[in-house]
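What follows is a set of notes on a single structure, which appears directly below.
Read-outs throughout are calculated quantities, based only on the coordinates presented, and are distinct from any laboratory measurement. Small disclaimer: the values here were computed from a predicted structure and weren't measured. For neighbour counting, all protein chains shown are included, and Cβ atoms are generated from backbone atoms with ideal geometry for every residue, glycine included.
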Amino acid sequence: MQGQSAEMPNPGVQSQFIAKSGGNQFRGEYYVDFNNNAMQGSNIPEAVIAGGIRPHSNEMERYFDTSINVGGPIKKDKLWWFGTYRRLKTAVEQPQFQFDKITPPYSHDAGIFFERQLSETIGLRTGFVYKTEDDLIANYQPGRSILNGAFSVPFTFVDVGVDAVRGTSDDRNVTLYGMPTTQAASFPTDRVVMNVPRYSRFKTVQLSVRKRYSNKLSFQIGGGYSWTTDFPQGFPANPSQPGVYDRTDWGFGASGTYDAPYGPRLSPVFRHQSGVNFARQISVGATAATAFGLILPASIVYADPANANREENIWLLDVRAERSVTFTDRVRAQLFLDLFNITNSHKSELLTRTTGANYPRPGNILAPFTTRVGMRFVF
Ligand SMILES: [Ca+2]
């Protein structure tokens with residue numbers, strides 16, 4: 001009987017809890033696999049190459065995956081540790097684009113966990129996960145970008161503000177950067193797939209407690225908090241576009257079952273999820289710089305930092321009550337009552353981020369308090 005309310009949320013925001021765990025013996029596992037272009041065939045026909053697709057452009061250039069997991073006891077039958085580390089490096093060619101001298105992007109993923117047996121039926125787990133991504137690649141115009149200073153001439157752009165009305169007190173001047181129209185010929189528009197100085201860092205702490213069924217009660221409680229540092233809009237093509245930002249999020253969930261007196265089983269599920277961090281965005285049109293004798297392609301610009309705003313945090317409580325009634329060996333019934341969103345929360349999410357009449361209109365609002373009754377009759 002898995003009702004809609006019986007789902008356990010994913011409390012760790014960036015990483016799932018790792019299924020493995022420490023044991024009473026020190027144990028480990030090392031894993032590696034790789035391939036390179038010499039180990040792969042070629043399959044793009046001449047006719048397709050004649051049509052403008054670069055030879056070998058769908059091939060794996062390099063792939064290298066290695067990981068190690070180790071764990072063991074700190075105190076036998078009481079306290080264990082478990083560590084995990086993975087490094088992944090991968091470079092895949094792409095049709096239409098020439099790899100410049102490219103460094104394969106790579107990621108590190110490391111975690112350390114501790115498990116403690118608190119009693120015969122209650123276990124506690126805590127952990128820390130760190131993930132990085134470096135040498136990332138992008139489909140990019142290096143000759144007309146933030147990297148070579150093509151967009152170096154400042155000009156003023158009016159942000160009409162949260163009210164989206166020009167000429168009110170929340171208007172603000174924003175400095176954007178354009179390329180002189182007269183110099184356009186000096187900045188080539190060639191697109192390539194290349195390394196860009198884009199990277200990401202994720203840190204998550206997790207804590208969970210689980211109680212196996214005993215004394216008519218079982219439950220699990222878990223939560224996580226994450227810090228993210230990355231480029232929310234990808235690596236900027238020009239200096240007006242957003243760069244690297246810090247953001248945070250967290251989640252918490254609790255669920256359990258309790259066999260109440262006189263038979264009904266109660267299964268409450270409580271969930272809490274932080275709202276998503278976001279910046280108010282300004283959509284700058286392709287002609288914004290024209291009057292200044294400058295070129296700036298249509299760009300999304302941030303009016304404030306990526307962690308300046310947060311969508312609403314969501315708290316949600318659902319409860320299922322069920323009761324079995326046995327008539328004979330073969331004939332029985334199961335009655336249930338589901339209560340969704342008991343506090344009648346109206347939290348919204350998927351807010352419109354672009355400055356304008358729709359900012360910050362929600363794309364989704366939690367469904368109101370809902371009761372559902374049901375029965376299963378088995379014969
Ligand atoms: Ca305004």
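Under unit Cβ charges (Lys, Arg +1; Asp, Glu -1), what dipole magnitude, rounded to 20 debye, does the chain have relative to its Cα centre?
Values: 39 positive and 33 negative charges, 290 e Å.
Dipole about the Cα centre, nearest 20: 1400 debye.
Could you work out [θ]222 nm for the chain from helices alone, using -39500 (n - 2.57) per DSSP H run of at least four and dividing by all its residues? Round to the nearest 500 deg cm²/dmol.
Working: 1 runs with 5 residues, N = 379.
Taken over the chain, the calculation gives -500 deg cm²/dmol.
Using all alpha carbons of the chain, what is the percent of pairwise distances in each 10 Å bin, ordered from the shortest bin to the longest?
In order of increasing distance, the bins hold 4, 15, 20, 21, 19, 13, 6, 2, 0, 0 percent.
Mind ordering 168-176, 45-53 by average Cβ neighbours within 10 Å, highest first?
Numbers: 168-176: 12.1, 45-53: 10.1.
Per-residue Cβ counts within 10 Å, averaged per peptide and sorted highest first, yield 168-176, 45-53.
With springs only between Cα atoms under 10 Å, which of GLY285, GLY234, GLY223 fluctuates most in a Gaussian network model of the chain?
GLY285
How high is the relative contact order of the chain, in percent, with contacts defined as C-alpha pairs under 8 Å that are six or more residues apart? Before the final figure, lay out the partial values.
Numbers: 953 pairs, mean separation 49.1, N = 379.
Relative contact order of the chain: 13 percent.
Of MET60, THR343, MET39, whose Cα points farthest to the positive end of the dipole of the chain (charges on the beta-carbon: +1 Lys, Arg; -1 Asp, Glu; origin at the Cα centre)?
With unit charges placed on the Cβ atoms, the residue in question is THR343.
Given springs between every Cα pair under 10 Å in a Gaussian network model of the chain, which of GLU133, GLU115, GLU59 has the largest fluctuation?
So, out of GLU133, GLU115, GLU59, the one fluctuating most is GLU59.
By counting other Cβ atoms within 10 Å of each Cβ, how are TYR262, TYR106, TYR177 ranked from fewest to most?
Numbers: TYR262 6, TYR106 16, TYR177 20.
Ranking TYR262, TYR106, TYR177 by Cβ neighbours within 10 Å, fewest first, gives TYR262, TYR106, TYR177.
Cross-chain or 8 or more residues apart, Cα under 19 Å: how many lysine pairs in the chain fit that? Count them up, please.
The number of close lysine pairs in the chain is 9.
At 37 °C and 0.692 mPa s, what whole-number value in µm²/s does Stokes-Einstein give for the translational diffusion of the stretch 332-379, with Rh from the Kirkwood sum over Cα pairs?
Numbers: Rh = 13.6 Å.
Rounded, D is 241 µm²/s.
Under a plain spin-label model, where a point goes 7 Å from the Cα along Cα-to-Cβ, how far apart in nm are ARG54 and ALA110?
Reported label-point gap for ARG54 and ALA110 is 3.5 nm.
Working from the alpha-carbon coordinates of the stretch 124-244, get Rg over Rh, Rh being the Kirkwood radius.
On the way: Rg = 23.5 Å, Rh = 18.9 Å.
Rounded to two decimals, Rg/Rh equals 1.24.
Nearest 0.05, what FRET efficiency do THR354 and THR189 give at R0 = 22 Å with Cβ-Cβ as r? Please list the in-between numbers first.
Details: r = 27 Å, r/R0 = 1.21.
For R0 = 22 Å, the calculated efficiency reads 0.25.
Would you mind computing Rg(Cα) / (2.2 N^0.38 Å) for the stretch 280-379, counting N as its residues?
Values: Rg = 25.7 Å, N = 100, 2.2 N^0.38 = 12.7 Å.
Ratio of Rg to 2.2 N^0.38 Å for the stretch 280-379: 2.03.
Among THR84, THR228, THR156, whose mean-square fluctuation peaks in a Gaussian network model of the chain (Cα, cutoff 10 Å)?
THR156
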